[in-house]
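See structure below.
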Amino acid sequence: MREVEVVVIGAGQAGLSSAYHLRRTGFEPDRDFVVLDHSPGPGGAWQFRWPSLTYGKVHGMHALPGMELAGADPARASSEVIGEYFDRYEKTFDLRVRRPVDVRAVREGTGGRLRVETSDGDWSTRALINATGTWDRPFWPHRPGRETFRGRQVHTAWYPGPEAFAGQRVVVVGGGASGTQHLLEIAPYAAATTWVTRRPPVFREGPFDEEAGRAAVALVEERVRQGLPPRSVVSVTGLPLDDAVRRGLAGGVLDRQPMFDRITPDGVEWRDGRRVAADAILWATGFRPAVGHLAPLRLREPGGGIRVEGTRAVADPRVHLVGYGPSASTVGANRAGRAAVRDIRLPPAREERVAA
């Protein structure tokens, strides 16, 4: 059993931001804290994004603290641009991320500490910063008949690119940025496309800058305070009304239909009897927080979420959630990483030595 002051789980935006602020506060990697990441390489969830998501199409990417992301080619794949940026960041600040390490469970330990059980042995820690994000939990809405569909069903997490849908009739489900991007890409290749969303889409003018990001974070915060499952920050910002979206609206590609009521072997069907034939259904329906490893701590509230004050889990103040709920955006993750570290202090003797 290895002992540290802080274990950080996850090396995406939230995890790296937390690690950066730990170092600035005087925590030393390996001695005082460790960063555990289950991914094969740097880049967080960005490394798994589809190749056609270029950096220029990214919806609101904010730089990590202490190092700007400058001069990136907007035509390059975001997975490459951000993966290389995260790699440079880890090396520049000597964050010593350990990967690939799967965290299997976090349990009550001894002496008031937490026990973090992993594929690379166990850790005993005084505090935990959970920065696991959502990418590992794609959400598939239930619709009657889904198991009967004879075509292909794929989620955004495994989106193969538009060429894979050439000549097919495709139903795209989801009103977020991913859904519209997929639809606009697929339309020139597909025989036909249908766009379906649960709620009418809201389009937003202007850039998604830091001020807009902070406003979006505030809208999500109240749900988390109440212990309800968080909505994504992107879900409350609206869809960016850029040139590509304007063309899609004018050309009829972004002609939104309400959510269908059931799936048939050959397509989808509404309650009024209207049907659309389909060869493929693309579920751009988002993700849920990946917090299953925290289950032994029983942090969930009756409403289904984890109640958080600041970044601390109300049910266990040793656990900080960053990249969860209001901090599930790049700007929110930066702020949450700083806030979590501000609440975690070095032991008095170490703190005195650092101050000296």
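The values are calculated or read from the model by the stated rules, or taken from the named source; none is laboratory data. Just so it is clear, the model here is predicted, and its values are computed rather than measured. We place every Cβ from the backbone using ideal geometry, glycine too, and count neighbours over all the protein chains shown.
Just one of P229, P207 is over 18 Å from the mean Cα position of the chain (by Cα) and at pLDDT below 90; which is it?
None of the others qualify; the one that does is P207.
Yes/no per residue for (1) among the aromatic types (F, W, Y); (2) surrounded by fewer than 18 Cβ atoms within 10 Å (Cβ to Cβ); (3) modelled with pLDDT of 95 or more:
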residue	(1), (2), (3)
V4	no, no, yes
G10	no, no, yes
L22	no, no, yes
G26	no, yes, no
V34	no, no, yes
P42	no, no, yes
R49	no, no, no
G56	no, yes, no
A63	no, yes, no
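Yes or no: L95 at pLDDT 95 or above, under 21 Å from G332 (Cβ atoms) and in contact with a Lys or Arg (Cβ under 8 Å, 6 or more places away or on another chain)? In short, yes.
Inside the stretch 288-329, can you point out the residues that are buried (at least 23 other Cβ atoms within 10 Å of the Cβ) and at positive phi? Selection gives G323, G325. If the condition is being among the polar types (S, T, N, Q) and not in a strand (DSSP E or B), then the stretch 115-136 contributes T132, T134.
For beta carbons closer than 6 Å, sequence separation of 6+ or different chains, a first residue in the stretch 237-258 that is over 15 Å from V172 (Cα atoms) and a second that is part of a loop (DSSP other than H, G, I, E, B), the qualifying pairs are G238/V202; L239/P201; L241/E205. Return yes when V101 is assigned to a strand (DSSP E or B) and in contact (Cβ under 8 Å) with a residue 40 or more places away in the chain and no when it is not. Against the criterion (assigned to a strand (DSSP E or B) and in contact (Cβ under 8 Å) with a residue 40 or more places away in the chain), V101 does not qualify. For the stretch 151-203, the candidate set comprises residues that are touching a Lys or Arg at 6+ places or on another chain (Cβ under 8 Å), among the aliphatic types (A, V, I, L, M) and assigned to a loop (DSSP other than H, G, I, E, B); within that set, the residue that is nearest to W283 (Cα to Cα) is A190.
Within the stretch 75-127, the residues that satisfy the criterion of being under 22 Å from the mean Cα position of the chain (by Cα), hydrophobic (A, V, I, L, M, F, W, C) and within 16 Å of G12 (Cβ to Cβ) are V81, I82, F86, L95, V97, V101, V103. The single condition among (1) modelled with pLDDT of 90 or more; (2) surrounded by 14 or more Cβ atoms within 10 Å (Cβ to Cβ); (3) closer than 30 Å to T148 by Cα that P201 does not meet is (1).
If only one of A187, A131, A127 is farther than 25 Å from F48 by Cβ, at pLDDT 95 or above and surrounded by 14 or more Cβ atoms within 10 Å (Cβ to Cβ), which one is it? Being farther than 25 Å from F48 by Cβ, at pLDDT 95 or above and surrounded by 14 or more Cβ atoms within 10 Å (Cβ to Cβ) holds for just one of A187, A131, A127, which is A127.
Yes/no matrix, rows are residues, columns are (1) assigned by TED's automatic domain parsing to the domain that holds E68; (2) at pLDDT below 90:
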{"site": "V245", "(1), (2)": "no, yes"}
{"site": "V253", "(1), (2)": "no, no"}
{"site": "D279", "(1), (2)": "no, no"}
{"site": "V331", "(1), (2)": "yes, yes"}
{"site": "A340", "(1), (2)": "yes, no"}
{"site": "E351", "(1), (2)": "yes, yes"}
